[in-house]
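Asker: Once you've had a glance at the structure underneath, I'll fire off some questions.
The values are calculated or read from the model by the stated rules, or taken from the named source; none is laboratory data. Remember, it's a predicted structure, so these values are computed and weren't measured experimentally. Ideal geometry is used to build each Cβ from the backbone, glycine not excepted, and the neighbour counts take in all protein chains shown. We work out accessible area using only protein heavy atoms, side chains counted, and drop any ligands, DNA or RNA first. Shrake-Rupley method; radii C 1.70, N 1.55, O 1.52, S 1.80 Å.
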Amino acid sequence: MDLPLTSPLTLLSAQPPLQIEKIETFLYRVKVSKPVVSTLASIGQRVALLVRVQDPDGAYGWGEIYSTLPSFGAEHRAQVVHQLLAPHVLRQSITDPRVLWQTLSQKLHAMAIQTGEPGPIAAALGGLDCAVWDLLARRAQVPLYQLLGGKATSVPAYASGLNPADGPDVVAQSRAQGFTAFKQKIGFGESTDLHNLRSIRQDMAAHERLMVDVNQGWTLEQALLMAPRLTEFDLAWVEEPLLADRPADEWRRCAQAFSAPLAGGENLRGDDFAQQSEWLGVIQPDVGKWGGISASRGVGQQALSAGKLYCPHWLGSGIGLMASAHVLAAVGGPGLLEVDVNENPLREALCQPFPALVQGQWVMPQGAGLGVDPDLKAASSWCVKHEETV
């Protein structure tokens, strides 16, 4: 993917080049009492893989690498950082993280093909990219979204991850916390799905929004069967009704069948976004899975230019959540921030001070960089591995 490097970033261009002298990873695991349930898996353990970069003056930046599925892959992704990325990054002069991300993506492309591991390499690079941006913004003493060219002080957010067993109850709890938009997981059979959606919709106010996520759980035939049944719920979008790599013709037929726009992007990379924007109305890249901040900002800008909604995907701890929020605040538009409302102690512990939600708006921190830091002491009992490369 060629990034729009010519887009003006005045604050970035005013910064001196930086060098990274140390890269650290912190791996956290914590069991939860209520698993996150989707058509893909039941997740009973929350995992977070953080990456920290530091320059010779002691300035630092944080990023997060997608490690939700499979959770046992987190250790491997940490080694991708230390053994594959670090030799290309340490003590190199960095003036623009977008150039670094694009250069490393090209340099490691053959390795990704040779090893059959484009996912772990892309995720590790995405988390590293976030950390470099955070470091730059901290050095500039501005919030990251401002370094990225944004001005918004808050972004709309929605409650995500609603399980099939108790979705309507969690909507009520999320509403009490200040959310006005909700995304229910479906794909568990017509009876279960429709019961949950009817229970949620009957209690919703006129200004509230409802979305659904199928997590790639249907065949085309199943999607076409469910499409007319979902019309009554006035959905804001239908997310990943098909496998992300299904043929274009299937996606076109699916888009024509649903009254709500289709959403997707957490399982796309590079030029996939441009191709699938033909049938996707909501574009959802994941900063910790592919592209980091550099590419996600570019995808978001292209989505808005094409008249699409940009809503970054996230399911992890608080560092990745904040990185997603800063990109959304920088890109602008009417898109929403995805906030997983399931039990996850790592969300708050690794993101302090945790931002407030006011009338459906996620209030952006005004501190430098991400504006938050992991509370390493509070989360120490969940840290299973810490490693550094200098």
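Asker: Condition first: open to solvent by less than 20 Å² (accessible area, probe 1.4 Å), assigned to a loop (DSSP other than H, G, I, E, B) and small (G, A, S). Now tell me which residues in segment 271-296 satisfy that.
Answerer: G288, G291
Asker: Can I ask one more? Considering every residue within segment 230-238, establish whether at least one is under 19 Å from S277 (Cβ atoms), touching a residue at least 60 places away in the same chain (Cβ under 8 Å), open to solvent by 10 Å² or more (accessible area, probe 1.4 Å) and assigned to a loop (DSSP other than H, G, I, E, B).
Answerer: Within segment 230-238, none of the residues are under 19 Å from S277 (Cβ atoms), touching a residue at least 60 places away in the same chain (Cβ under 8 Å), open to solvent by 10 Å² or more (accessible area, probe 1.4 Å) and assigned to a loop (DSSP other than H, G, I, E, B).
Asker: Do the conditions hold for A244, that is, is it open to solvent by less than 40 Å² (accessible area, probe 1.4 Å), in contact with a Leu (Cβ under 8 Å, 6 or more places away or on another chain), aliphatic (A, V, I, L, M) and at pLDDT 95 or above?
Answerer: yes
Asker: Still on this structure, I have one more. With the requirement that a residue be more than 26 Å from the chain's Cα centre (by Cα) and not small (G, A, S), what does segment 176-210 give you?
Answerer: Correct list: E190, T192, L194, H195, R198, R201, Q202, D203, M204.
Asker: Among the numbered criteria (1) within 27 Å of M211 (Cα to Cα); (2) open to solvent by 10 Å² or more (accessible area, probe 1.4 Å); (3) in a helix (DSSP H, G or I); (4) not aliphatic (A, V, I, L, M), which one does P164 miss?
Answerer: All conditions pass for P164, except number (3).
Asker: In addition: Kindly indicate whether V372 is open to solvent by less than 20 Å² (accessible area, probe 1.4 Å), closer than 18 Å to L144 by Cβ and of a type in the set (A, V, I, L, M, F, W, C).
Answerer: For V372, the condition - open to solvent by less than 20 Å² (accessible area, probe 1.4 Å), closer than 18 Å to L144 by Cβ and of a type in the set (A, V, I, L, M, F, W, C) - is met.
Asker: Within the bounds of segment 147-157, is there any residue that is within 20 Å of the chain's Cα centre (by Cα), part of a helix (DSSP H, G or I) and not basic (K, R)?
Answerer: Checked against the condition, which is being within 20 Å of the chain's Cα centre (by Cα), part of a helix (DSSP H, G or I) and not basic (K, R), segment 147-157 yields at least one hit.
Asker: In segment 189-226, what residues are part of a strand (DSSP E or B) and either farther than 24 Å from I283 by Cβ or open to solvent by 10 Å² or more (accessible area, probe 1.4 Å) (or both)?
Answerer: R209, the sole residue that qualifies.
Asker: Residue pairs, Cβ under 6 Å, 6 or more apart or interchain, first in segment 352-369 and touching a residue at least 40 places away in the same chain (Cβ under 8 Å), second part of a loop (DSSP other than H, G, I, E, B) and open to solvent by 60 Å² or more (accessible area, probe 1.4 Å). List them.
Answerer: M364/T153; A368/Q141
Asker: Go through (1) touching a residue at least 60 places away in the same chain (Cβ under 8 Å); (2) open to solvent by 10 Å² or more (accessible area, probe 1.4 Å); (3) farther than 19 Å from G63 by Cβ for K308 and report which single condition fails.
Answerer: Evaluating K308 over (1) touching a residue at least 60 places away in the same chain (Cβ under 8 Å); (2) open to solvent by 10 Å² or more (accessible area, probe 1.4 Å); (3) farther than 19 Å from G63 by Cβ leaves (1) as the failure.
Asker: Okay, moving on. Within segment 140-147, is even one residue touching a residue at least 60 places away in the same chain (Cβ under 8 Å) and either over 23 Å from L11 (Cβ atoms) or among the basic types (K, R) (or both)?
Answerer: Scanning segment 140-147 turns up no residue that is touching a residue at least 60 places away in the same chain (Cβ under 8 Å) and either over 23 Å from L11 (Cβ atoms) or among the basic types (K, R) (or both).
Asker: Residues being farther than 13 Å from L100 by Cα and β-branched (V, I, T): count how many of those fall in segment 117-135.
Answerer: 1
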